1. Compute the projected area of the convex hull of the Cα atoms of region 195-327, averaged over all viewing directions, and report it in nm² to one decimal place.
2. Once phi is turned into ³J(HN,Hα) by the Karplus curve 6.51 cos²θ - 1.76 cosθ + 1.60 with θ = phi - 60°, what whole-Hz value does each residue of region 80-94 show in order, with x for glycine and proline?
3. Mind listing the long-range amide H neighbours of T156? Cut-off is under 5 Å, sequence gap 5 or more, other chains count too, H placed in the peptide plane at 1.01 Å from N.
4. Estimate the FRET efficiency between E93 and Q36 by the formula 1/(1 + (r/R0)^6), using the beta-carbon distance for r and 25 Å for R0, to the nearest 0.05.
5. How large is the Kirkwood hydrodynamic radius of the chain, counting all unique pairs of alpha carbons, in Å?
6. Given H placed 1.01 Å from N in the peptide plane, which residues other than close sequence neighbours of I15 have an amide H under 5 Å from its amide H?
7. For a quick check: with amide H placed at 1.01 Å from N, whose amide H comes under 5 Å from L47's, ignoring anything fewer than 5 positions away on the same chain?
8. Note the angle between two axes, namely the Cα long axis of helix 220-233 and the longest principal axis of the Cα atoms of the chain, as a number of degrees from 0 to 90, rounded to the nearest 10.
Amino acid sequence: MKKSTLKSKNRTEPIYVIAGKEQSLVNIECDRLLEQLVQPEQRPVGLFIADPQQVAVADIMDELRTLPFLAERRVVVVRGADEFISKNRQLLESYFDNPCPTGVLVLTVDSWPAGTRLAKMLPKVGRLISIEHSLPWQLPDRLIRYASDAHSKELTSEAAELLVELIGDELGRLYSEVDKLALFADSEKTITLQHVEQLIGHNRIFGAFAVIDACLAGNSAQAVDRLRNMFAEDKSAEYTVVGAFAFHFRRLFNAKVLFDKGARSAEVAAKLRIWGNKEGFFAQLRQLSLQQIGNTLQQLAQIDYAIKTGRTKAQLAIEKLVLNLTAGS
């Protein structure tokens, strides 16, 4: 969740601090703030982005105190400013005590300890925006809030949950998908499950379905060819392919459980929202045991961890999984 010491949502403050350990989210929040502070046509003369390793603190202060030319204000951004703040704390305390009225200082940091003098001074002269880590089950609610804040649209809980299923838990990428969905929904006020299915879900799930079909037919060449087409046709497949396969196998697993409890095919299809090729889905289900599906889900979880920790590449890992599935069919 994002917390901020907002005094007035539309008021421009002399100083902003964006704090959080998720660098991609901090950068997203910083970019959103800059959109509010500096018009694109004013950026050549109204925006200065300082590398704290390359630019002296005196130069940064000079930039803040430079009168804006053909712009409303002079905005200076220091990204990754933790060490910069530690080295120049006394000078920054002096600036916080008397910030330039025509300059805006934006600092992005990993942490902002509440007990420091700068932290105690900030509420009087600026705004703290804290980016907190989201646990997996908190992601749908966070996406719902983002859709409302960034696009004034309602994102249904079902749509948010499906997004997380398909895209994974990287919040920056999830935000990007919400941005696309907001454009896709156009004048509609609500982003629904159908929007997610049409724009994101259908192609990825259909691609995974086609690969699994070839695996169960024992055709390894066709399975690998279809998988490689998924990567060739979708540049984001590197980040979403595991989610697409996991989504499909979770539905297979849940369908097996429902059938074991005596549910009928129509009931299973309705409960699990199986669209498109229902006959093909149930044909796959008949060829797989609950243990096979569970083992595959476990392998996908291991692959996901290995990709995120840099131990493997998505395409290589999924190709190995596909070949194993074909051999076991």
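Every read-out reported here was derived from the displayed coordinates using simple, explicitly stated rules and does not represent laboratory data. Here the structure is a predicted model, which is why all the values come from computation and not from measurement. Neighbour counts are summed over all protein chains in view; Cβ atoms, including those assigned to glycine, are modelled from backbone coordinates with ideal geometry.
1. Reported value for the Cα convex hull: 7.9 nm².
2. Values per residue, Gly and Pro as x: x, 8, 4, 5, 4, 5, 4, 6, 10, 4, 5, 5, 5, 4, 5 Hz.
3. I191
4. Efficiency computed from Cβ-Cβ geometry: 0.40.
5. The answer is 22.8 Å.
6. It is L105, R127, by chain and number.
7. Close amide H contacts, sequence-distant or interchain: V75.
8. Between the helix axis and the principal axis of the chain, the angle is about 30 degrees.
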